[in-house]
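Structure provided below as structure tokens; questions to follow.
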Amino acid sequence: MPVNKIVFLQKGNVNFNNLKVASFISQKLQKKLVLFLIEVPENQKEKVKDQLFSLNIDFEIRNQIEYGEAKEEIKAEKPDLFIITREKISPFEHIFKITSSERFIKGFEYIDILLLQEDCNKIEKILINVDKETATLYYIKSAYTFAKKLGVDFKMITSFYEVFYENRLRKTHPDEEAKQLVAELFKEHLDAVKEKIARSLEGEEVELIVAKGDPKKEIPYYARKHQYDLLIINEDINDKDSYIENSEMSVGIFKDEEGA
């Protein structure tokens, strides 16, 4: 289903870096931007209005909302895309602490979500993760369409956990036989992911990057190393929180099926 409404939540102060990104997305998708501004100073609200008017963006400001009621209000809006600022935190600190934005998005269903890093003021490179086990055709098509409509550089990626399979197979098989079996599993993994992408995109081509390692560590590491602005993962991926914790860039969590 095409995005028909974008909700952008800000509490206390407006992150104008993130507002720039939300405005860019709203323009590219040609959809209304609904801003939930909670406990935001009046001078910042006026600055938001001036900025959006200058960009000729269709927008609406909701500022009579309590933070405790915001989640239910957003669910009632049924936006296809919800954007919130993600507090900057180191991966090590993230092991022991969940950010308020991550806590806020718990319980959302059938809504694509963007957790924008505090210093994120542009999206020029997007990496879309395709998990062999959990990524659906709907998710792949949705993430692809989103990136393509933004007109930015984007690629897809999958990671095969080679060491994990090698260690398990070497317990029951000679080394050479274990290596052969791992090679076959790798081919099976790659073929399955390519088939999902082909079926989802119906012939449209996109570059697929193949990494090897623990996906929840390797994918975020690859995204950071190659300076991607946004990593997109699917909602029902295993260890979703670990992907988010290990990511040092903005993260998109896209739904796996169309919601009501």
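Under 7 Å between Cβ atoms, at least 6 apart or on separate chains: pull out the pairs that start in the range 242-260 with a residue that is of a type in the set (Val, Ile, Thr) and end on any residue that is surrounded by fewer than 23 Cβ atoms within 10 Å (Cβ to Cβ) and in a loop (DSSP other than H, G, I, E, B).
Ile253/Glu235
I'd like to check something: does the range 93-101 contain any residue that is at pLDDT 95 or above and surrounded by 15 or more Cβ atoms within 10 Å (Cβ to Cβ)? First the steps, then the outcome.
Let us first name the residues in the range 93-101 that are at pLDDT 95 or above, namely none.
No, every residue in the range 93-101 fails to be at pLDDT 95 or above and surrounded by 15 or more Cβ atoms within 10 Å (Cβ to Cβ).
Could you list, in sequence order, the residues of the range 12-30 that are of a type in the set (D, E, K, R) and touching a Leu at 6+ places or on another chain (Cβ under 8 Å)? Give the derivation first.
Let us first name the residues in the range 12-30 that are of a type in the set (D, E, K, R), namely 20, 28.
Residue satisfying the conditions is Lys28 alone.
Filter the range 21-54 down to the residues that are modelled with pLDDT of 95 or more, surrounded by fewer than 16 Cβ atoms within 10 Å (Cβ to Cβ) and under 26 Å from the mean Cα position of the chain (by Cα) and list them by number.
Gln27, Lys28 - these are the residues of the range 21-54 that are modelled with pLDDT of 95 or more, surrounded by fewer than 16 Cβ atoms within 10 Å (Cβ to Cβ) and under 26 Å from the mean Cα position of the chain (by Cα).
Okay, residues lined up against (1) without any contact (Cβ under 8 Å) to a residue 24 or more places away in the chain; (2) touching a Ser or Thr at 6+ places or on another chain (Cβ under 9 Å):
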| position | (1), (2) |
| --- | --- |
| Gln10 | no, yes |
| Asn13 | no, no |
| Leu19 | no, no |
| Ala22 | no, no |
| Gln30 | yes, no |
| Val34 | no, no |
| Ile38 | no, no |
| Glu42 | yes, no |
| Lys47 | no, no |
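Separate question: Going through the range 211-230 one residue at a time, which ones are not in a helix (DSSP H, G or I) and not small (Gly, Ala, Ser)?
Looking only at the range 211-230, we keep the residues that are not in a helix (DSSP H, G or I), and these are 211-214, 226-230.
Passing the criteria: Lys212, Asp214, His226, Gln227, Tyr228, Asp229, Leu230.
Ok, one more. Determine if the range 232-247 includes at least one residue that is surrounded by fewer than 18 Cβ atoms within 10 Å (Cβ to Cβ), at pLDDT below 95, part of a helix (DSSP H, G or I) and touching an Asp or Glu at 6+ places or on another chain (Cβ under 8 Å).
yes
While we're on this one: Inside the range 111-139, can you point out the residues that are surrounded by 16 or more Cβ atoms within 10 Å (Cβ to Cβ), outside any strand (DSSP E or B) and among the basic types (Lys, Arg)?
Across the range 111-139, the qualifying residue is only Lys132.
Kindly evaluate Leu52 against the criterion of being assigned to a helix (DSSP H, G or I), in contact (Cβ under 8 Å) with a residue 24 or more places away in the chain and not aromatic (Phe, Trp, Tyr). Reasoning before the result, please.
Values: assigned to a helix (DSSP H, G or I): yes; in contact (Cβ under 8 Å) with a residue 24 or more places away in the chain: yes; not aromatic (Phe, Trp, Tyr): yes.
Yes: the conditions hold for Leu52.
The values are calculated or read from the model by the stated rules, or taken from the named source; none is laboratory data. Small disclaimer: the values here were computed from a predicted structure and weren't measured. Positions of Cβ are generated from backbone atoms using ideal geometry, with glycine treated the same way; all protein chains shown enter the neighbour counts.
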